[in-house]
Amino acid sequence: MRVYFFATCLGEAVFSQTALNCIKLLQREGVEVIFKKDQTCCGQPSYNSGYYEQTREIVLHNVRLFKEDHPIIVPSGSCVGMMAHDYLELFEGHKAYEEVKNFSLRVYELAEFLDKKLEVRYTDLGAPIKVTWHSNCHALRVSKVIESAKKIISQLSNVELVPLQREEECCGFGGTFAVKEPEISNAMVQEKIHDIESRQVEYVLSADAGCLLNISGAMAKVRSKTKSMHFYDFLAQRVGLGV
Amino acid sequence: MTHTTTHSDHDYEQVIGEKLNDAQLRTNLRSAMDTLIHKRKDLLEDRYPEWEQLRTMGQNAKLKVLSQLDSYVQKFEENATKNGFVVHYANTAKDANEIIYNLAKERGVERILKGKSMASEEIGLNQYMKEKGIVAKETDLGELIIQLIDEHPVHIVVPAIHKNRHQVGKIFQEKLGAPLESEPEKLNGIARKHMRGEFEGFKMGISGVNFAIANEGAIWLVENEGNGRMCTTACDIHVAICGIEKMVESFEDASILNNLLCPSAVGVQITCYQNIITGPRQEGELDGPKEAHIILLDHNRSNILADEKYYKALSCIRCGTCLNHCPVYDKIGGHAYLATYPGPIGVVITPQLFGLDNYAHIANLCSLCGRCGEVCPVKIPLPELIRDLRAEKTHEGRGVVRGYKDTKHSKLEELGMKAFAKLASNGTLWRAAMAMSSTFAPLGKVFGHYTPVLKKWLRYREMPKVQGSLHAEVKKLPGVIYE
């Protein structure tokens, strides 16, 4: 099977090691990965700020870049929400709608693809560990892929998942929200950190680079003892792939 | 605090800063919202296995009426008139206030008692009456508390939820001369004793409306304390203020919506008082007002109705659950929105009622987490509508929200987004930008505090480590098709 891998803008700029681990997780299941060198961003920053016309240019770039009939695998429920759901809304009544729909129907979040399409079965190679989990809002409510990630964690026999008390509450990232309303965003992330620390675990995991950028950046600033890790880095390590 | 004047970004930033730093407010809100969220969740799990179907039924009941609102309003008017109601139309807030004032003046009324009504807040009734020399007195417990300290409701269902029982005790001590108490029962007792005096011999009562039933020409009022019943029956003249969107077709539809309203609002199946009012006192009846009036308030609702997407916001049954679940609302409280309606539904409707030019900043008070849309009992797509509001601000939306033409938006942001879109739709430019950002990333650490966006990020977070070598690494991975 051949798939396109879309690293996302944050995967390219900040989480490049994570992107590499994602590719390895796909290859481990015998999937052939195509990496388009002209890939960019899903367009969420401009879309959520209300720049609809600018965003349509980005959407059409993506639609025309990933044109063959392969699944498009994205390691972010947030970008998947944008590419599989919001793209359609943005092109409602537009002449390119069918073209966009053909693209959107091929978009999968990585955990969703591993769980539902490839039906992975993992053997945990790591030492016993306690972790907690932050659900990205769009992964939870728009692309609805959190169940798959949790199902994969449940296969890791030495990993104890301690749920957050406020798992379903936004961490305050919200893309440009974090810099447009920095004070409110900070109040939100501090509540999230408080919740994470109260769980007394080694790591907080999330499958979303945006939330992690926010949570880990704020945790570093307040010198939190809990560490954060991208879910796909964690998974790659547990199954003996990661660095 | 006023609701109709232009607010500057500075006003907003200042009030948000104040609220965020108010530790007592934050604690009160957090604890109140947690209670409301958990009560709702537990109730739905225990008693409403078919909540999703009920939501769909409620959504359909509202959308059916909104799609032909004119004819339902007309039907309501006909039937209500037959029942003996006097039906008035108010196009603007001023019209509504004048109707009430004239009714009071003609009958020599100097003191009006009010049940809970957000529509009356929207038109600024209390202030209007005060300027004309008439006292409009709140009778709802929450409304009474905040009226005593000259505040507006902080929440659309629970107006004084930002005050805890100790604070309420102090307010009653200071303003009503009551002994200092903090037990809810004793506080209720103080309010009750105070209100009983007010209710004695009053002439004119004002109420809101939860559902206006077109087929019957009747109104349905939901409340918990009995003061609403007093305001509507123990007076000579009852005036109900009803936003035209409160229309439903039948009692059956109203029942469906009531079954969604009570659990969503406060996590109960039903409230203590459900008042269904079919008109003034009829001959031979022992109680009820001699006159019953209904003011059908438009106040720009027709504009909302005219838009293909925003009209859905008129389905709102004012349960407030979107406020309860909003991670922004629970940090800053309702007053920080500087608007009658705060929280997600407030973000959507406030600019439409009062003009986007007056409320441009309000569209920022949302992280688009989507929780409001998830819990809305009538499935209003709140996050989508908030995002569309931002598009109205940047003039890339449908151009339908009042005042959008005069909305100020950041030119810096516009240039930034245009540059971003240009990069993100061209692979070569994008790779060049990524390579540059990784080359200059160490400089970002030094100069970051001087660039506006980074500065705001770095105020509370460390700089992320920019890598930017993904392409080179991917090319090295065996088996990857890099094309």
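No value in this document is a laboratory result; all are computed from the given coordinates. Everything quoted here is computed from the prediction, not taken from an experiment. Don't worry about glycine lacking a Cβ; one is built from the backbone with ideal geometry, like all the others, and counts go over all protein chains shown.
Tabulated values for the structure
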| quantity | calculated |
| --- | --- |
| Over chain A: helical MRE at 222 nm, DSSP H runs n ≥ 4 each giving -39500 (n - 2.57), nearest 500 | -12500 deg cm²/dmol |
| Kirkwood hydrodynamic radius over Cα pairs of region A:87-208, then Stokes diffusion coefficient at 37 °C and 0.692 mPa s, in µm²/s | 197 µm²/s |
| In degrees, nearest ten, helix B:69-82 long axis to first principal axis of chain B (Cα) | 10 degrees |
| Residue-averaged 222 nm ellipticity for chain B, from DSSP H runs of 4+ at -39500 (n - 2.57), nearest 500 | -15500 deg cm²/dmol |
| Cα-based shape type of the protein assembly as shown, given that a ≥ b ≥ c are square roots of the gyration tensor eigenvalues and the cut on a/c is 1.5 | prolate |
| Nearest-20 debye value, region A:41-191 charge dipole, Cβ charges on Lys, Arg, Asp, Glu | 300 debye |
| Cα lying deepest toward the dipole's positive end in chain A, options A:Leu213, A:Pro75, A:Asn21, charges on Cβ | A:Asn21 |
| Sites matching trypsin sites (Lys or Arg not before Pro) across region B:100-181 that sit in DSSP coil, with at most 14 neighbouring C-beta atoms within 10 Å | B:Arg107, B:Lys132 |
| Given charges at beta-carbon only (K, R positive; D, E negative), |dipole| of region B:135-279 in Debye | 480 debye |
| Förster radius 35 Å - calculated FRET efficiency between B:Val453 and A:Asn102 (Cβ-Cβ, nearest 0.05) | 0.50 |
| Percent RCO, i.e. relative contact order, over region A:67-202, from Cα pairs under 8 Å lying at least 6 residues apart | 25 percent |
| Degrees between helix B:427-447 axis and first principal axis of chain B (Cα, 0 to 90, nearest 10) | 80 degrees |
| Positive-pole candidate from B:Leu368, B:Phe172, B:Gly142, dipole of the protein assembly as shown, charges at beta carbon | B:Leu368 |
| Spin-label pair B:Ser31/A:Lys37, simplified geometry with 7 Å Cα→Cβ offset, distance in nm | 6.2 nm |
| For chain B, size of Cβ-based charge dipole, Lys and Arg +1, Asp and Glu -1, in debye | 1740 debye |
| Qualifying GluC sites (Glu not before Pro) in region B:114-212, DSSP loop, other Cβ atoms within 10 Å at most 11 | B:Glu200 |
| Exposed-site-free run, longest, chain A (rule: GluC sites (Glu not before Pro); DSSP loop; at most 14 other C-beta within 10 Å) | A:120-166 |
| Residues with amide H under 5 Å from that of B:His88, placed H, sequence gap 5 or more | B:Ile294, B:Ile295, B:Leu296 |
| Relative pair counts by distance (%), Cα atoms of region B:101-191, 10 Å bins | 16, 45, 28, 10, 0 |
| Nearby lysines by direct alpha-carbon distance to B:Lys193 (threshold 29 angstrom, same-chain neighbours under 8 apart not counted) | B:Lys105, B:Lys114, B:Lys116, B:Lys130, B:Lys132, B:Lys137, B:Lys163, B:Lys170, B:Lys175, B:Lys203, B:Lys290 |
| Cα centroid separation - region A:212-243 against region A:26-98, whole Å | 26 Å |
| Dimensionless Rg over Rh [region B:293-407; C-alpha; Kirkwood] | 0.94 |
| Region B:93-110 - phi-based ³J(HN,Hα) in whole Hz, Karplus 6.51/-1.76/1.60, Gly and Pro as x | 4, 4, 4, 5, 4, 5, 4, 5, 4, 5, 4, 5, 4, 4, 9, x, 8, 10 |
| Segment A:Ser154-A:His70, extension gain: residue separation times 0.36 nm, minus the distance between their alpha carbons | 27.4 nm |
| Greater than 21 Å apart at Cα, pairs in A:Lys130/A:Lys150; A:Lys37/A:Lys144; A:Lys37/A:Lys101; A:Lys180/B:Lys19 | A:Lys37/A:Lys144; A:Lys37/A:Lys101 |
| Long-range amide H partners of A:Val107 with built H, under 5 Å | A:Ile72 |
| Dipole of the protein assembly as shown, positive end: most advanced residue of B:Gly133, B:Asn303, A:Asn102 [Cβ charges, Cα centre] | A:Asn102 |
| On Cα atoms only, tilt of B:23-47 relative to the major axis of chain B in degrees | 80 degrees |
| Residues of type aspartates and glutamates that B:Lys405 reaches as a straight line, Cα spacing below 20 Å, ignoring anything fewer than 8 places off in the same chain | A:Glu53, B:Asp9, B:Asp307, B:Glu308, B:Asp357, B:Asp388, B:Glu392, B:Glu396, B:Glu413, B:Glu414 |
